[in-house]
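Beneath this line is the structure, given in structure tokens, with notes to follow.
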Amino acid sequence: MKQITTLLFLIASSILLGQNLIINPSFETYNECPWRIGAFSSSVSEWSIPNMGSTDFFSACSENENTGIKNYNGYQKAKSGSSYSGIYVYTDKNYREYIQGKLSKVLEKGKKYKMTFYLSLADKSSYALKDIQVLITEEQLKPCYKNNSCEKTIKPSKATKKQYKVYSNRDDIYFSDKRSWMKYSFEFTAEGYENYFSIGNFYRNPKTKKHKVLSTSPLFFSYYYIDDVSIEAIEKEVYENVDTPKNENKDKVLKVNKIYKFNNVLFNFDKADLLKVSLNELDELYLYLNENSALSIEIYGHTDNVGTNERNKELSEQRAKAVADYLISLGLNTTRIKSFGFGSSKPVAENKTEKGRQLNRRVEFKILKYQ
């Protein structure tokens, strides 16, 4: 059997994002296809509204002229999947709508996170806004809490007695695109209480920064579609491979039927595209398989338990397939390789800590005798 040379790499570091901590981030899990406007809180799983506004839910599954991708305020396809939400963030009478989501776990104090979601201004809107914020709270906000107006602008100090903080996009731009989706993103350091968040405009009209845009509506308002919401940890990973001296044992024989874990096969958050740092290790593995034509290989993708079982299974399958496709692109015969995704069903550590979850997010392979 031919030999495989130990990989030689330089030490490198990069910033990676962890798994999305928001439950049902793209509104794809819902109780029923929307058939009326204002049905967001009753239809979308794991989401709510923090006031008595009539937040909307839109989906391509709807045949209603008001609640599909063509709806009463315009036309827009979902950023991903088939569904999205819609809210009034400005009206002439301070009427406001919001969406309120929850996290799969409380954020870790002192740890940095990145929040991202996508906005598209509805066709009939007469104003584009700068002032869209995220209110992150310890407790779930309840409509009509004490002095907080039921359908008006939420005042955070009156909406909760527990801990909270308001965050804004630091980019000095108006979210004015009616044809495509605009990215809204900011980074923050957690204080250790964060369980829920609400998206909307928490300023009253006099303080709201707005810009007039062409509109077919005689009314004056700003209405936004929202999709693909995420909060993920920012993790600094350091990758280091040992430079094995040439005169020592620099060769390695891969045992048949033994599972090996890739050290540097990496992906961006919630993606299945191989990062550049992954390629050297895969190139070496291909050379080994190319020199040992009597062997075949199986690729296994795994995730931690954050997120839905369905998404974790899908992501693990996509990542395993991405590894297989790369080896095939180098010249490996398709009959010599298979890929599988197991989601979070085969953990190697507890998912209670970030270290354990990191160990569970992995890609493995097993060498077999080629039939």
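Which FRET efficiency value, to the nearest 0.05, do you get for Asp283 and Ser80 by plugging their Cβ-Cβ distance into 1/(1 + (r/R0)^6) with R0 = 41 Å?
Working: r = 32 Å, r/R0 = 0.77.
Efficiency computed from Cβ-Cβ geometry: 0.85.
When P(r) over Cα pairs in 20 Å bins from 0, in percent is calculated for this entry, the matching label among (i) 25, 43, 26, 5; (ii) 26, 46, 23, 5, 0; (iii) 29, 58, 13, 0 is (ii).
Among Leu141, Tyr224, Ser120, whose Cα projects farthest towards the positive end of the dipole of the chain, with charges put on the beta-carbon of Lys, Arg (+1) and Asp, Glu (-1)? In the chain, that residue is Leu141. Seen against the Cα atoms of the chain and their longest principal axis, helix 309-330 is set at about 50 degrees. Accessible area per residue for the chain is 50 Å², calculated with a 1.4 Å probe on protein heavy atoms, without ligands, DNA or RNA.
Taking every C-alpha pair closer than 8 Å and separated by at least 6 residues, the mean separation divided by the residue count of region 245-342 gives a relative contact order of 28 percent. The listed residues Trp35, Trp47, Trp181 rank as Trp35, Trp181, Trp47 when sorted by accessible area, largest first, using a 1.4 Å probe.
Using a 1.4 Å probe on the protein chains only, how many percent of the accessible area of the chain belongs to carbon and sulfur? Each step should come with its number before you reach the end.
Numbers: 9200 of 18650 Å².
Its accessible area is 49 percent carbon and sulfur atoms.
For region 42-166, averaging the sequence separation of C-alpha pairs within contact (under 8 Å, six or more residues apart) and dividing by the residue count gives a relative contact order of 29 percent. Cross-link pairs exceeding 30 Å between alpha carbons, from the set Lys79/Lys158; Lys276/Lys366; Lys124/Lys207; Lys77/Lys209; Lys79/Lys261; Lys158/Lys313: Lys79/Lys158; Lys79/Lys261; Lys158/Lys313. Each of Lys369 and Lys338 was given a label point 7 Å from its Cα along the Cα-to-Cβ line. The distance between the two points is 1.6 nm. Taking Cα atoms, how many degrees apart are the long axis of helix 279-291 and the longest axis of the chain, rounded to 10 and kept between 0 and 90? Around 40 degrees separate the two axes.
Within the same chain, lysines fewer than 8 places from Lys162 are excluded, and of the rest, those with a Cα less than 24 Å from its Cα are Lys102, Lys105, Lys109, Lys111, Lys112, Lys114, Lys142, Lys146, Lys152. Projecting the Cα positions of Asn351, Ser316, Ser185 onto the charge dipole of the chain (unit charges on Cβ atoms of Lys, Arg, Asp and Glu, taken about the Cα centre) puts Ser185 furthest along the positive direction.
Structural descriptor for the chain: relative contact order 22 percent, calculated from alpha carbon pairs under 8 angstrom and at least 6 residues apart.
The values are calculated or read from the model by the stated rules, or taken from the named source; none is laboratory data. Model, not experiment: these values are computed from the prediction. Positions of Cβ are backbone-derived with ideal geometry, glycine not excepted, and every protein chain shown enters the neighbour counts. Heads up: the accessible areas ignore ligands, DNA and RNA and are worked out on the full protein's heavy atoms, side chains in. Shrake-Rupley method; radii C 1.70, N 1.55, O 1.52, S 1.80 Å.
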